[in-house]
Each structure stands twice: as structure tokens, then as C-alpha cells.
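Encoded as C-alpha cells, the structure appears first; notes follow it.
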Amino acid sequence: MEIRPLAIGPPGIRADPTVEFVGTWQGINKWQLADRATALSRTLADTAVCRIERTPRRPGIDDLAVMAGALRLSSSAPLPEPTAP
């Protein structure tokens, strides 16, 4: 059976540019963000940060939470506002 990665849904697609924008706004590059994430107990390589920012990698909740912490944001900040069904 072929292993297929899970598709990136709308929240993941909308969260990715948010992480990149906030990092740029704060003057933090992807290497610094990766270092901060690692210091917060989640090893996150700069290539993983790049893939998350560019959307080929689906960000997990752990990744989003540690990146938000590294950017000194609320853990829900990278997530889009919920919409009514």
C-alpha cells in the first residue's frame, strides 16, 4: 500500500503565511525561528520552517504551538478565525 501524506487543509494553508509574516515583521529569519523552537523543547530544522512557510509541509499542532511560542504569540495566533458552517 502506498503511503500518502495528509492533504493540507484551509487552516494549514492560511496559517503558513501568518508564521512567515510575523517572523519577518519581528525581524526573525527561519534559522532564528528554528533555534528558538529547539530552545523551547521542539526540534524544528530551518528546512522544516521553510517548508511550512511555503506550504509543502503540513504543520502539526505541535509545530504551530512551538512556532507561536518562539514568536512570542498566543498559540492560537497562527490559526485563522473560525467560521460558522
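The values are calculated or read from the model by the stated rules, or taken from the named source; none is laboratory data. Just so you know, these numbers come straight off a predicted model, no measurement behind them. Every residue, glycine among them, receives a Cβ derived from its backbone with ideal geometry; neighbour counts consider all protein chains shown.
Does the stretch 14-24 include one or more residues that are at pLDDT 70 or above, surrounded by 12 or more Cβ atoms within 10 Å (Cβ to Cβ) and part of a loop (DSSP other than H, G, I, E, B)?
No, there is no match, as no residue in the stretch 14-24 is at pLDDT 70 or above, surrounded by 12 or more Cβ atoms within 10 Å (Cβ to Cβ) and part of a loop (DSSP other than H, G, I, E, B).
Check off (1) at pLDDT 80 or above; (2) surrounded by fewer than 11 Cβ atoms within 10 Å (Cβ to Cβ) for Met1 and give me the number that stays unchecked.
Status for Met1: all satisfied but (1).
Can you tell me how many residues within the stretch 60-85 are within 21 Å of Pro10 (Cβ to Cβ), modelled with pLDDT of 75 or more and not small (Gly, Ala, Ser)? Talk me through it step by step, then tell me what you get.
Our first condition is that a residue be within 21 Å of Pro10 (Cβ to Cβ); within the stretch 60-85, this holds for 60-65, 67-68, 73-85.
Within this subset, residues satisfying the condition of being modelled with pLDDT of 75 or more are 60-65, 67-68, 73-74.
Keeping just the survivors that are not small (Gly, Ala, Ser) gives 61-64, 67, 73.
Residues flagged as within 21 Å of Pro10 (Cβ to Cβ), modelled with pLDDT of 75 or more and not small (Gly, Ala, Ser) within the stretch 60-85 amount to 6.
With respect to Ala45, is the statement that it is more than 17 Å from Ala7 (Cα to Cα) and in contact with an Asp or Glu (Cβ under 6 Å, 6 or more places away or on another chain) true?
no
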